[in-house]
Each structure stands twice: as C-alpha cells, then as structure tokens.
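The values are calculated or read from the model by the stated rules, or taken from the named source; none is laboratory data. Everything numeric here is computed off the predicted structure, so don't read it as measured data. FYI the Cβ positions are ideal-geometry reconstructions off the backbone, even for glycines, and counts take in every protein chain you see.
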C-alpha cells in the first residue's frame, strides 16, 4: 500500500480513472434525476441518496470480486455467429429497460398521468428505488469492466470510484433541481436516455458505439438547450421592462 502512495503511475491511474468514472456516471446521474423528478421533494432527495449509495456499494463489491467479474466476459452461447457473454446479456437487458423507461416517461410528459379525479399521479418511492438499483447494476458492471482495463491495482480503482461517487453525489441535487426548474430539459434528458439505451443494446449484440460520439452529441444538445434557456430568460426580462 505504501508503495502505491509514492508510485507516480498509481496517481496517474487514479486521476484518469476518477475522470472516467465521473464521465461514465453521467448516464446514471441523468437516469436518477429523471426518475426522481416525479417524486415529492423530500422523497426525491432520499431516493437520489439511496440510489447513489447503492451505486457505490455495487462498484466496490464488483471490484473486490474481480475474478467473477472477468468471467462475465466469457462466452455463454452463440447466436447468428456472435458469442454472447453475461455482460452482453446484462447490457442488452439494461438497454431495453432504458428504452422502455424513457419512452414511458416521454409519453407521461406529453399526455400526463392523472387519476380519476384529475390529480397528477406521483411515482411510488419503492418502485423508483427498485428501478434505480436495477440500472445501477447495469452501469456498475459496464464502468468497472472498463476500469479493470485501465488500472492494475484494486485499491486505486476503489479510491477512484469513491471519489467519483462523492462528486456525483454533490452534483446530483443541482442537476435534479435544474431539470425540475426547466421542464424542457427533462425531455432532453429522456432523449439522452434513449440514446444511451440504443448504445447499450448495440454493445450487447456486438456493435460497439464509441462513447465519445454519444457524449459529444449529449454535450452539443445540452449546449443548444442552455442557449435556448438564456434566450428565453432575456426575452422575459425585455417584456417585463417594456
């Protein structure tokens, strides 16, 4: 352990892995923010905290069980000339779930969900947390398998994951508040989830989509949305001053 403290390569790996885990965690953070947006404020805060805590626990457990995790990439069966591993099946299932969930949320956002008295229906806390945990497993396996290929020392990987999750925990509430304050960004976030779902399904069937392309598309779209928000704010100020 002391050797790692004075190992320049270990510090470089820690920095690289932390940045990578934060970037890969954006997907998870967007999903959690969208899901909790339909919960009451206090329940949403608890669900975010629980969801990110579970994500941290899953990542650390997966890093500790490296031999089992590496086995997930071994072929289980072949179909149409492609070897499927447990990792492929998990990514495929997670991608399909994201596609379903994003489509359902988009429909709910457009049509609205009301009870027989016309009151808006809030999501159930337990169901929301269960969905967060399910998708945590998918994103955890995907990011940790990537981390294994980038670093040699498990303590470095665990520390990088912990630091990244602390950053995500701090960022989760501002992001959720921003989505709540600007409803159009929720649709943008849901479109991101559709894009991520498609990429997970593609990865699951052997067609790898470079994450850089996806993150560039997300960053570009988010930039355009920020410009729209600023322009709308300027127009409202102009009308108020007229």
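General remarks:
- Among the residues of the stretch 169-182, the ones that are over 18 Å from residue 51 (Cα atoms) and either without any contact (Cβ under 8 Å) to a residue 24 or more places away in the chain or not in a helix (DSSP H, G or I) (or both) come to 3 in all.
- Only one of 146, 103 that is at pLDDT 80 or above, surrounded by 11 or more Cβ atoms within 10 Å (Cβ to Cβ) and farther than 14 Å from residue 201 by Cα: 103
- First in the stretch 183-211 and at positive phi and modelled with pLDDT of 80 or more, second anywhere and surrounded by 17 or more Cβ atoms within 10 Å (Cβ to Cβ) and assigned to a helix (DSSP H, G or I), Cβ under 9 Å, 6 or more apart: 206/88
- Condition check for residue 214 on (1) closer than 19 Å to residue 90 by Cβ; (2) touching a residue at least 60 places away in the same chain (Cβ under 8 Å); (3) under 16 Å from the mean Cα position of the chain (by Cα): one failure, at (2).
- Among (1) at pLDDT 80 or above; (2) assigned to a helix (DSSP H, G or I) - the single one residue 238 does not satisfy: (1)
- Candidates 109, 95 - the one that is surrounded by 12 or more Cβ atoms within 10 Å (Cβ to Cβ), at pLDDT below 75 and either touching a strand residue (DSSP E or B) at 6+ places or on another chain (Cβ under 7 Å) or part of a helix (DSSP H, G or I) (or both): 109
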